[in-house]
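Enquirer: Could you have a look at this structure, given as C-alpha cells, before my questions?
The values are calculated or read from the model by the stated rules, or taken from the named source; none is laboratory data. All values reported here derive from a predicted model rather than from experimental measurement. Don't worry about glycine lacking a Cβ; one is built from the backbone with ideal geometry, like all the others, and counts go over all protein chains shown.
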Amino acid sequence: MADVNRLPGEGCRHHTSGYCLYEEHLNPGYENRWRCRVLLHWEAAFDDFLLRAEVFGVAQNAVQDLWNRKFERLARKAFACDQYTFCHEAEIPGCLHVFDGLCRISLPVCEGRCRHFQINESDE
C-alpha cells in the first residue's frame, strides 16, 4: 500500500511560512505563548514605565521624551529570545519570525491541507 501524502497548506488563509494560524484566527491573542517574546517584554516595560510615571507624578508633556530615551536603551539590549533572527525588511522588532505580533515558529506546524483549509483570497 502506498503512503498518502498531504497536499501542502500553501494558499490557505491560515498558512504562514509552514505554520498554521487557524487557532489564532479563532481566538486572536488568546495564546500568549505564540506572541513575540521581545514585544511582550517591551509591552511589560512600557506598562511598568507608565505606572512609575503616574506614581511619581511626571508631567504629561515629559512622559513621551522620557519613554523615548528609555526605549532606546531597552531596544539596544540583547533580546530575550534565542530564536531571534535579524531581518532588515521584517516588522518591529526586526525579526524574521515575527508576523503580526506573533512568533511564527511558536505556532503549530502546518500539516498540509486539512479540514480548516480556506483559500487565501488575497493570493488570487
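Enquirer: If you check Asp82 against the conditions, is it part of a helix (DSSP H, G or I) and either at pLDDT below 90 or out of contact with any Leu (no Cβ under 7 Å at 6 or more places or on another chain) (or both)?
Expert: No; evaluated as a whole, the condition is false for this residue.
Enquirer: I want to confirm something. Restricting to the stretch 105-120 and keeping residues that are touching a strand residue (DSSP E or B) at 6+ places or on another chain (Cβ under 8 Å) and among the charged types (D, E, K, R), which single residue is surrounded by the fewest Cβ atoms within 10 Å (Cβ to Cβ)?
Expert: In this case the residue turns out to be Glu111.
Enquirer: Here's something else I'd like to know. Residues to consider are Glu91, Glu24; find the one that is in a helix (DSSP H, G or I) and among the acidic types (Asp, Glu).
Expert: The unique qualifying residue is Glu24.
Enquirer: Please work out which one of (1) in a helix (DSSP H, G or I); (2) of a type in the set (Lys, Arg); (3) in contact with a Gly (Cβ under 7 Å, 6 or more places away or on another chain) is the condition Arg6 fails and give its number.
Expert: The number of the failed condition is (1).
Enquirer: Failed condition for Gly29, given (1) without any contact (Cβ under 8 Å) to a residue 60 or more places away in the chain; (2) part of a helix (DSSP H, G or I); (3) within 24 Å of Thr85 (Cβ to Cβ), with all others met?
Expert: For Gly29, the failing item is (2).
Enquirer: Go through Ala53, Ala45, Ala62 for me and flag whichever is within 21 Å of the chain's Cα centre (by Cα) and either part of a helix (DSSP H, G or I) or of a type in the set (D, E, K, R) (or both).
Expert: Step by step, each of Ala53, Ala45, Ala62 is checked, and only Ala45 is within 21 Å of the chain's Cα centre (by Cα) and either part of a helix (DSSP H, G or I) or of a type in the set (D, E, K, R) (or both).
Enquirer: Considering every residue within the stretch 33-40, establish whether at least one is within 24 Å of Ile119 (Cα to Cα) and surrounded by 11 or more Cβ atoms within 10 Å (Cβ to Cβ).
Expert: yes
Enquirer: If you take the residues in the stretch 65-79 that are out of contact with any Pro (no Cβ under 9 Å at 6 or more places or on another chain) and part of a loop (DSSP other than H, G, I, E, B), which one is surrounded by the fewest Cβ atoms within 10 Å (Cβ to Cβ)?
Expert: In this case the residue turns out to be Ala78.
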